[in-house]
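S.K.: Dropping a structure here in structure tokens format, bear with me for questions.
The values are calculated or read from the model by the stated rules, or taken from the named source; none is laboratory data. No experiment lies behind these values; they were computed from the predicted model shown. Reconstructed Cβ throughout: ideal geometry from the backbone, glycine too, with neighbour counts over all protein chains shown.
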Amino acid sequence: MKAPRVRFAPSPTGYLHIGGARTALFNWLYARRHGGTFVLRIEDTDTERSSDEMIAAILHGMRWLCLDWDEGPDVGGPYGPYLQSARRERHLAAAQRLLETGAAYHCYCPPELLQQKRATAEAAGGGWMYDRTCRRLSADERAALDAAGRPRVVRFAVPDDADTAFDDWVHGRISVPAASIEDFVLVRSDGTPTYQLSVVADDIDMAITHVVRGDDHVSNTPKQILLYRALGAPVPVFAHVPLILGPDRKRLSKRHGATSVGEYEAQGYLPEAMVNFLALLGWSPGAGDQELFTRDELVAKFTLEGISGGNAVFNPEKLDWFNQQHMMRLAPAELVRRVAGRLEAAGLWRDDYDQGWLERVIVLLAPRARRLDDLVPQFRTFAVDLVERDPAAVAKHLGDEMGRAHLAALRERLAAADAFDAATLEPLVRGLAEERGVKAGVLIHAARVAVTGQTVSPGIFEVLELVGRDRVLRRIDDALAGAA
RNA sequence: GUCCCCAUCGUCCAGAGGUCAGGACGCGGCCCUUUCAAGGCCGAGACUCGGGUUCGAUUCCCGAUGGGGACGCCA
């Protein structure tokens, strides 16, 4: 098989959202799986709503997810330009060819009239399609209209016997009656090409072999197939990816919460987790129970046929789980690198942190965090000198004379310990508990509240070691003084 | 309204003409244990309905119902 050429063609009228990211991912996976080419084309022809800021945001989101493109607006390529707005002349040339072969015609119907007809039809309870008034115009009538300088659009002349069936790689055979397709506009009265014309012209020019896009485009596909044929170009393979829905089964949108990948990046999700989660949302590798995949594993297993036909509801809890799993699997040094900026932003960073110590602390914290952000407050215990103590926790474990006496005894023992590592400390604490005739938990809970200020923390012996003897003793003294 | 797509646990996916209908998230319990996580084990939880085809359908076909999408001189 010839190496496929696929493309992701976002319109920069908003940030890269979850659905778009997944479409991009599927395209990317397919290209990488088959040694093909992944093209990024920016469909910025809606000049009103497009912006450079959004282009930058989309590129940023793609890079964050590590979906690298082989051809695109920034890197160029043999089929450029990759900004759709810069390809206008080609689109119009295609329209001209269609006009010449009679596959398209000029329409002079004023928009207001069409709007009115549409409104009337809708009021009567039905949909409306262009009634082809201008398709029936004689040459003389056209000449007269042109002479009068009447504004005109170019419409595609949908053949009555048009066969629009195609074999979608996700859905199988899809066919639409030609009668339900209207003579759609190719060129606006201001002379600019419409989306239907632009995509097809560009996909032909860019030699795209597989069009992988959202399900919301299936209804455009028959029109586009007609265009491919009229332009004498081979029809690519289509694969329509189902949409991502919110919990209410409506198309995922702002009101469902965070929808742009940038927001997830900001909240401390890992791109590895996002890719894994998105890949499995609507796609399955088939046999096997594996859920956690690396990028390379996904590339090795990906098939368009494995995409399921039904829409999928976005499940944030599962994303959280994936994120936690991927955090735990990251190499310690890498996890530290990922969280460093957040620690710094929280004022918890110091350049003289010992790398080994940092890694141990972060690894200790990772199984207790869902997002990178969760590591920050937890890290605080290890970063500061003295901690604030939760009054309820103090009351519970250091509230009486006995508790404080135990803590004071523990302090002396810790101060005298030969070494200050978990392996040394654990028997020491347990031994003291036995001497004093209490369960080890009593001392452990007291130590935890004194040292961390909380009733929950990672294993106390690791905490003691990583906080370090000096600070542990100071915190205990502080707790003793405060509780008295 | 018209056209198109979809239909297995709450959610995301497996699944085969005859299966104890499988896994994951979440939920409940137990274990581990110094708390919280992580981890391990166990559990509750689904084939939308009605017709066919068939010895036998959750699986194949048709219909209904439900959900989604598209019906712009937006993309």
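S.K.: Taking A:Asp183, is it within 29 Å of A:Asp70 (Cα to Cα), near RNA strand B (Cβ under 10 Å from one of its atoms), in contact (Cβ under 8 Å) with a residue 24 or more places away in the chain and not aliphatic (A, V, I, L, M)?
M.R.: no
S.K.: Taking A:Gln325, is it over 26 Å from the mean Cα position of the chain (by Cα) and farther than 19 Å from A:Thr452 by Cα?
M.R.: no
S.K.: Right, another one. For the stretch A:244-256, check the following and say yes or no: at least one residue is crowded, with 18+ Cβ neighbours inside 10 Å, touching a residue at least 12 places away in the same chain (Cβ under 8 Å) and among the small types (Gly, Ala, Ser).
M.R.: Checking the stretch A:244-256: not a single residue is crowded, with 18+ Cβ neighbours inside 10 Å, touching a residue at least 12 places away in the same chain (Cβ under 8 Å) and among the small types (Gly, Ala, Ser).
S.K.: What are the residues in the stretch A:36-54 that are hydroxyl-bearing (Ser, Thr, Tyr) and either away from RNA strand B (no atom under 14 Å from the Cβ) or not in a loop (DSSP other than H, G, I, E, B) (or both), if any?
M.R.: Correct list: A:Thr37 only.
S.K.: For A:Arg229, all conditions in the list (1) farther than 15 Å from A:Tyr105 by Cα; (2) not in a helix (DSSP H, G or I) hold save one; what is the number of the exception?
M.R.: (2)
S.K.: Applying the selection to the stretch A:91-133, what residues are free of Cβ contacts under 8 Å to residues at least 12 places away in the same chain, more than 9 Å from RNA strand B (Cβ to nearest atom) and not aliphatic (A, V, I, L, M)?
M.R.: A:Gln96, A:Glu100, A:Gln116, A:Thr120
S.K.: Could you identify the single residue in A:Arg360, A:Arg329, A:Arg389, A:Arg380 that is of a type in the set (Lys, Arg) and under 23 Å from A:Phe293 (Cα atoms)?
M.R.: The unique qualifying residue is A:Arg329.
S.K.: Looking at (1) of a type in the set (Asp, Glu); (2) within 30 Å of A:Ser308 (Cβ to Cβ); (3) near RNA strand B (Cβ under 8 Å from one of its atoms), which is the one condition that is false for A:Asp203?
M.R.: It fails just one condition, (3).
S.K.: Could you pull out the residue among A:Asp400, A:Asp390, A:Asp374, A:Asp418 that is acidic (Asp, Glu) and closer than 30 Å to A:Phe322 by Cβ?
M.R.: Details: A:Asp400 fails: closer than 30 Å to A:Phe322 by Cβ; A:Asp390 fails: closer than 30 Å to A:Phe322 by Cβ; A:Asp418 fails: closer than 30 Å to A:Phe322 by Cβ.
Going through A:Asp400, A:Asp390, A:Asp374, A:Asp418 in turn, just one is acidic (Asp, Glu) and closer than 30 Å to A:Phe322 by Cβ: A:Asp374.
S.K.: Are any residues in the stretch A:250-268 at pLDDT 90 or above and either in a helix (DSSP H, G or I) or within 14 Å of RNA strand B (Cβ to nearest atom) (or both), and if so, which ones?
M.R.: Scanning the stretch A:250-268 gives A:Val261, A:Gly262, A:Glu263, A:Tyr264, A:Glu265, A:Ala266, A:Gln267.
S.K.: Quick check, is A:Val449 among the β-branched types (Val, Ile, Thr), surrounded by 21 or more Cβ atoms within 10 Å (Cβ to Cβ) and over 16 Å from A:Ala392 (Cα atoms)? Quick ask: steps written out before the conclusion?
M.R.: On the way: among the β-branched types (Val, Ile, Thr): yes; surrounded by 21 or more Cβ atoms within 10 Å (Cβ to Cβ): yes; over 16 Å from A:Ala392 (Cα atoms): no.
The answer is no for A:Val449.
S.K.: I need the full set of residues from the stretch A:9-23 which are within 14 Å of RNA strand B (Cβ to nearest atom), closer than 20 Å to A:Asp70 by Cβ and either among the charged types (D, E, K, R) or under 14 Å from the mean Cα position of the chain (by Cα) (or both), in order please.
M.R.: A:Pro10, A:Leu16, A:Gly20, A:Arg22, A:Thr23
S.K.: Hey, A:His210 hits all of (1) at pLDDT 95 or above; (2) away from RNA strand B (no atom under 13 Å from the Cβ); (3) more than 22 Å from A:Phe302 (Cα to Cα) but one; which does it fall short on?
M.R.: The one condition A:His210 does not meet is (3).
S.K.: How about the stretch A:278-328: which of its residues are within 10 Å of RNA strand B (Cβ to nearest atom) and among the charged types (D, E, K, R)?
M.R.: Within the stretch A:278-328, A:Asp289, A:Glu291, A:Glu305, A:Glu317, A:Lys318, A:Asp320 qualify.
S.K.: Run A:Gln290 past the list (1) surrounded by fewer than 16 Cβ atoms within 10 Å (Cβ to Cβ); (2) modelled with pLDDT of 95 or more and report the number of the one that doesn't hold.
M.R.: Looking at each condition in turn, A:Gln290 falls short on (2).
S.K.: Would you mind finding the one in A:Leu358, A:Leu348 that is assigned to a loop (DSSP other than H, G, I, E, B), surrounded by 13 or more Cβ atoms within 10 Å (Cβ to Cβ) and away from RNA strand B (no atom under 16 Å from the Cβ)?
M.R.: Result: A:Leu348 is the single residue among A:Leu358, A:Leu348 that is assigned to a loop (DSSP other than H, G, I, E, B), surrounded by 13 or more Cβ atoms within 10 Å (Cβ to Cβ) and away from RNA strand B (no atom under 16 Å from the Cβ).
S.K.: In the stretch A:269-284, which residues are in a loop (DSSP other than H, G, I, E, B) and either surrounded by fewer than 17 Cβ atoms within 10 Å (Cβ to Cβ) or in contact (Cβ under 8 Å) with a residue 24 or more places away in the chain (or both)?
M.R.: Within the stretch A:269-284, A:Tyr269, A:Leu270, A:Leu281, A:Gly282, A:Ser284 meet the criteria.
S.K.: Continuing with the same structure: Say we look at the stretch A:206-241 and pick out the residues that are free of Cβ contacts under 8 Å to residues at least 24 places away in the same chain and more than 22 Å from A:Glu305 (Cα to Cα); which of these is surrounded by the fewest Cβ atoms within 10 Å (Cβ to Cβ)?
M.R.: So the residue we want is A:Gly232.
S.K.: Any residue in the stretch A:319-339 that is at pLDDT 95 or above sitting within a Cβ distance under 6 Å of a residue that is surrounded by fewer than 16 Cβ atoms within 10 Å (Cβ to Cβ) and assigned to a helix (DSSP H, G or I)? List the pairs, counting only those 6 or more apart or interchain.
M.R.: A:Met328/A:Pro367
S.K.: Among (1) farther than 15 Å from A:Leu186 by Cα; (2) surrounded by 14 or more Cβ atoms within 10 Å (Cβ to Cβ), which single condition is A:Tyr130 missing?
M.R.: (1)
S.K.: A further question follows. Where the second residue is polar (S, T, N, Q) and assigned to a helix (DSSP H, G or I) and the first is over 17 Å from A:Arg471 (Cα atoms) and lies in the stretch A:409-436, which pairs have Cβ atoms under 8 Å and are six or more apart or on separate chains?
M.R.: Nothing qualifies.
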